[in-house]
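The structure under discussion appears below in the form of structure tokens.
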Amino acid sequence: MDIQSLIVFCMEVAGTIAFAASGAMVGIRRGMDIFGICVLGVVTSVGGGMTRDIILGNVPGALIDPVYVVVALFTTLMVFSVFYFKRTLPRGRLGIFYERAMLVMDSIGLGIFTVVGVTTGIRYGYLDNTFLLTFLGTLTGVGGGLLRDMMAGVPPYIFVKHIYACASVAGAISCVYIYREFGQIPAMVIASLLVVLIRFLAAHYRWNLPRITLPSEK
């Protein structure tokens, strides 16, 4: 494995861990048992990538090389174990720290999987198709979380909370153009950091897209 492949692999593992932890926490908050929590953790981590591979006409990579499924499952079990023995969700200052930690993990996962989606499309020969690459990147970034929320029976996060999918779109577009000028690693690093930065700014300043508030919602 060359240095470039190693960097990409490490980024994918980091994104898998981040998304698996966020999926596990949703399952815990919804009162699911250990099986349901594991399913959510794995789906959140690999669901977007599997959907992307199907669109590209390939057998999902997570089924051929299950290393990411194993990492997601291990991460999910670790999160479950912590709260199983603690018997309570974090509150007070610890709760604030938990919310910030989840924001960091979710943002890192979103950034990494967005650029992985773009580079996967490029690897299959679609470097000149900006729209397709942007779609693949965004789908890979938000697809797992969308499946997670649908399975957990909660409003999909990407539709109701902060600048989420839009951050993925911005990261995917920047990844495409940076890749064309400077290559894969600069594109992946810079674009993923851009996604994380947008997510942090959106959370800090409470940026949200316009919505219609009906009288009954006030």
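The values are calculated or read from the model by the stated rules, or taken from the named source; none is laboratory data. Since this is a predicted model, take the numbers as computed values, not measurements. Glycine also receives a Cβ, built like all others from the backbone with ideal geometry; neighbour counts cover every protein chain displayed.
Things worth noting here:
- Selection count, the stretch 111-151, where residues are surrounded by fewer than 19 Cβ atoms within 10 Å (Cβ to Cβ), of a type outside the set (Val, Ile, Thr) and at negative phi: 10
- Residue that is modelled with the lowest pLDDT [pool: residues in the stretch 190-218 that are over 20 Å from Val169 (Cα atoms) and of a type outside the set (Ser, Thr, Tyr)]: Lys218
- Among the residues listed as Phe83, Phe113, the single one being more than 16 Å from Gly145 (Cβ to Cβ) and either touching a residue at least 60 places away in the same chain (Cβ under 8 Å) or part of a helix (DSSP H, G or I) (or both): Phe83
- Some residue of the stretch 171-192 being touching a helix residue (DSSP H, G or I) at 6+ places or on another chain (Cβ under 9 Å) and under 25 Å from Met25 (Cα atoms): yes
- Helices (runs of 4 or more DSSP H) fully within the stretch 144-218 counting 3 or more residues that are in contact (Cβ under 8 Å) with a residue 40 or more places away in the chain: 165-182, 184-205
- Lone unmet requirement of (1) over 27 Å from Asp33 (Cα atoms); (2) surrounded by fewer than 20 Cβ atoms within 10 Å (Cβ to Cβ) for Phe97: (1)
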